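Data block below; observations after.
The values are calculated or read from the model by the stated rules, or taken from the named source; none is laboratory data. The model shown is predicted, which means the values in this text are computed figures rather than measured ones. Here the Cβ positions follow ideal geometry from the backbone for every residue, glycine too, while neighbour counts run over all protein chains shown.
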Amino acid sequence: MAGNWLGLLSIGVFYLIVLGIGIWASRKSKREERKCTGNSSEVTMVGGRNLKIWVSIFTMSATWVGGGYILGIAEVVYDPTKGLVWVLGPLAYALSMIIGGLFFVKPIRSKKYVTFMDPFQEKYGDTLAAVLFIPALLADIFWTACILGALGGTVSVVLDISSPLAVGISAGVAIVYTLMGGLYSVAYTDVVQLGLMFFGLWFCVPFVLTSPSSANFTVAAVTKLHQEPWTGKLQLEELGCWVDDILLMAIGGVCYQAFYQRVLSMATDAQAKITCYAAAVICPLLGIPSIIIGGVAASTNWNQTSYGSPSPYEEGQARMILPIALQHLCPFYVSLVGIGALAASVMSSIDSALLSAASLIGRNIFKNIIYKRASERMIIVVVKVSVLLCGIIAAAFAMTSKSFYLLWYLSADVLYSVMTPHVICTFFLSQWVNQYGACSGFVLAILLRALIGEPQIGLPDVLPLPWDKIQEDGHRYRLFPFRTVIMLLAIVTILLVSRLAKMGLLNRTSDAETDTNLCSMAPIQTDMVEGKRLDKEQPLFSEGDDV
């Protein structure tokens, strides 16, 4: 019990440090708001567009390297049915940052947008943009719920503390400092959180490696010891699914408002691109400790640990393998440092997701649709209220749902299938698309994704897919890259329907012009008979006429 109280005290101290930094940053935010009286809401949402480059690099990296990233890598490495070859996060996140820096920085910054929904409202109008706003908002809320749930499960495993209590406290702290300082508080607390995350996890690695219960994890990478080698295997038939998952995270990552919020917070395009490229290096490096811990867990004889038998995988606790390894392979004080690192990773993503969702609500829904005459102060109030409401909703999901990972996965799935076509078409093919094509692409993507189904939520698979593999437990393993196919079909549909709609409008316009010309010619012909000429540009006779 004393250990539990000590653990609570250490996490409490960490949260107080983060809260103190958030309060300090909020004062800087208030000073910037007074300088930018005309656009004070932009200080809250994009930091007044003058965030220091080193702060931007830290906050971009910390946002992507969240609790799901840290826990998920260790889980996949430890899982004997997957292994290191299926750890796609580091590679996908690096690709996402590079793609964002190369192709998306300049378009979103060209007109000084505030959110990535601004180009949609400018191109398609408020109604369609509001519909496209829904998957983006749900993705942020479910992402927050997933991260909070991951923290709650981690703390409950190591410290034997109620998971809802951990979720509530973490959400409360993140909401408070995000409310106080907006992007400034989020960015500067991310600097501390990223540092704690990096040093905390690396501090635990030597203790995990030297645990007497662990075999040589380098040998276990290629040789079967207590389970299959943790490097894993990639069958040729699984290549399509592997590529589909990478594209889901790499290209789908540039559909999150959190990415554009950091890109827009920089003073110049060059600084924004440097931020992306630096994050492309940092994100994979921060995944290395999780890979090592997952590999060690796969090479551990759990009968010789305080965990006992059966193993965490057999107990269905592979998701929590990182905190389990910290608890049973490290001294207690070391595991506390590791939990502090996990808490840092969780907090660094929660605040970003909350502010992203609130910025979309405050600007694109309230300011641009509901009340277009809203003052800057009113917009800031709406953003803060939205932070509170989104945080409460996400915490409720995390407390009551056992499938928060599934919720995040499905939200990312829909965001990739539905939003990616519109982001690509609006940013790069704007002159060839219109609202008719956008509506058609949106409906098609939703319809196809619904027909393909999702057994984990009880949605039947009406539309069969090729290359499906039925496992021994009856679970259908999808090998066909259906999400990428849906995304490509949606792009083709947007372009095709837009072209057809434009041709139809042009035909109607041509017909109308023809009718107008015929009507306008009548008095001219009459006047010609009378020997008068009203249209001086129209020749009285044309060549070849028989005078």
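Which one is nearest to residue 27 (Cα to Cα), of the residues in segment 150-165 that are without any contact (Cβ under 8 Å) to a residue 40 or more places away in the chain and part of a helix (DSSP H, G or I)? Walk me through how you get there before you give the answer.
Taking segment 150-165 first, the residues without any contact (Cβ under 8 Å) to a residue 40 or more places away in the chain are 156, 162, 165.
Those still in the list that are part of a helix (DSSP H, G or I) too: 156, 165.
Values: 156: 35, 165: 30 Å.
Among those residues, the one meeting the criterion is 165.
Just one of 361, 339, 350, 324 is more than 30 Å from residue 291 (Cα to Cα) and among the hydrophobic types (A, V, I, L, M, F, W, C); which is it? Let's see the steps before the verdict.
Details: 339 fails: more than 30 Å from residue 291 (Cα to Cα); 350 fails: more than 30 Å from residue 291 (Cα to Cα); 324 fails: more than 30 Å from residue 291 (Cα to Cα).
The conditions single out 361.
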Please work out which residue is nearest to residue 76 (Cα to Cα), limiting yourself to segment 306-328 and to residues that are more than 30 Å from the chain's Cα centre (by Cα) and surrounded by 19 or more Cβ atoms within 10 Å (Cβ to Cβ). 311
Quick check on my filter: what residues within segment 270-305 are among the polar types (S, T, N, Q) and touching a residue at least 24 places away in the same chain (Cβ under 8 Å)? 271, 275, 290, 299, 300, 301, 304, 305
Just a yes or no: is a residue in segment 131-142 within 17 Å of the chain's Cα centre (by Cα), among the small types (Gly, Ala, Ser) and buried (at least 20 other Cβ atoms within 10 Å of the Cβ)? yes
What are the residue pairs meeting all of these: first residue in segment 88-115, first residue crowded, with 17+ Cβ neighbours inside 10 Å, second residue of a type in the set (Asp, Glu), Cβ atoms under 9 Å, and 6 or more apart or on different chains? 88/245; 92/245; 105/269; 108/118; 109/269; 113/122; 114/42
Can you find a residue in segment 267-289 that is over 30 Å from residue 108 (Cα atoms) and either crowded, with 20+ Cβ neighbours inside 10 Å or of a type outside the set (Asp, Glu) (or both)? yes
Being under 15 Å from residue 154 (Cα atoms), at pLDDT 85 or above and either among the hydroxyl-bearing types (Ser, Thr, Tyr) or not assigned by TED's automatic domain parsing to the domain that holds residue 6 (or both) is the filter here; which residues of segment 289-336 pass it? 290
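Which members of segment 266-297 meet the condition of being under 17 Å from residue 70 (Cβ atoms) and of a type in the set (Gly, Ala, Ser)? Write out each step before concluding.
Let us first name the residues in segment 266-297 that are under 17 Å from residue 70 (Cβ atoms), namely 279, 282-297.
Residues satisfying the conditions are 279, 287, 290, 294, 295, 297.
Got a sec? Which helices (runs of 4 or more DSSP H) wholly within segment 353-432 have at least 2 residues that are at pLDDT 90 or above, over 20 Å from the mean Cα position of the chain (by Cα) and not charged (D, E, K, R)?
Numbers: elements: 376-400, 404-414, 420-428.
The helices (runs of 4 or more DSSP H) meeting that bar are 376-400.
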Can you name every residue in segment 233-260 that is over 24 Å from residue 428 (Cα atoms) and among the aromatic types (Phe, Trp, Tyr)? 242
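Could you list, in sequence order, all residues of segment 92-149 that are among the hydroxyl-bearing types (Ser, Thr, Tyr), in contact with a Phe, Trp or Tyr (Cβ under 9 Å, 6 or more places away or on another chain) and part of a helix (DSSP H, G or I)?
Narrowing segment 92-149 to residues among the hydroxyl-bearing types (Ser, Thr, Tyr): 93, 96, 110, 113, 115, 124, 127, 144.
So of that shortlist, the ones also in contact with a Phe, Trp or Tyr (Cβ under 9 Å, 6 or more places away or on another chain) come out as 93, 96, 113, 115, 144.
Within segment 92-149, 93, 96, 144 qualify.
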